[in-house]
Amino acid sequence: MDILLVEDNPGDARLAAEAFKEGTIPTQLHVVQDGIEAMSFLRREAPYESAPRPDLVLLDLNLPRKDGREVLAEIKEDPLLRRLPVIVLTTSQAETDISRSYELHANCYIVKPVDFDRFIDVVKGIEDFWCSLVKLPPTA
């Protein structure tokens, strides 16, 4: 399973990578640090021409250059990308961010825990649900 993590915090990206390594499902985690890179990856634009189409996108909201809300809107407006499941994984607990994310058709919204062990549990929960229980559409 290919997962695209859009995360500008290197520590959070490293934690997610470790959690997926410890998981039971074989995953390939691809990490980009901002919204412009995310859209280039998803559209297979330079330097990501050979990037796989991810099965799942984990998206932070507060990103440099193009924020996660803009990325989410672009994904869901693009006929080639809209079926991609997008999980918002962010520190924001603001009701406006939660509501707006669902209005933009996020598949779920998870607040990143600040505690290391809890963060690992959340990532493992994402893996268990999205990689084991859910039947995802085929990638293009």
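Sparse packing (at most 16 other Cβ atoms within 10 Å of the Cβ) combined with a DSSP loop state is found for the following GluC sites (Glu not before Pro) in the stretch 25-104: E45, E49. Lysine pair count for the chain (Cα-Cα distance under 24 Å; residues 8 or more apart in sequence or on different chains): 9. Report, in whole Å, the centroid distance computed from the Cα atoms of the stretch 76-140 and the stretch 1-34. That distance is 13 Å.
F20 sits among other residues whose Cβ lies under 9 Å from its own Cβ, and their net charge, with Lys and Arg +1 and Asp and Glu -1, is -1.
Each value in this text was obtained by applying a stated rule to the coordinates, not by laboratory testing. Fair warning: this is a prediction, and the values are worked out from it, not measured in the lab. Every residue, glycine among them, receives a Cβ derived from its backbone with ideal geometry; neighbour counts consider all protein chains shown.
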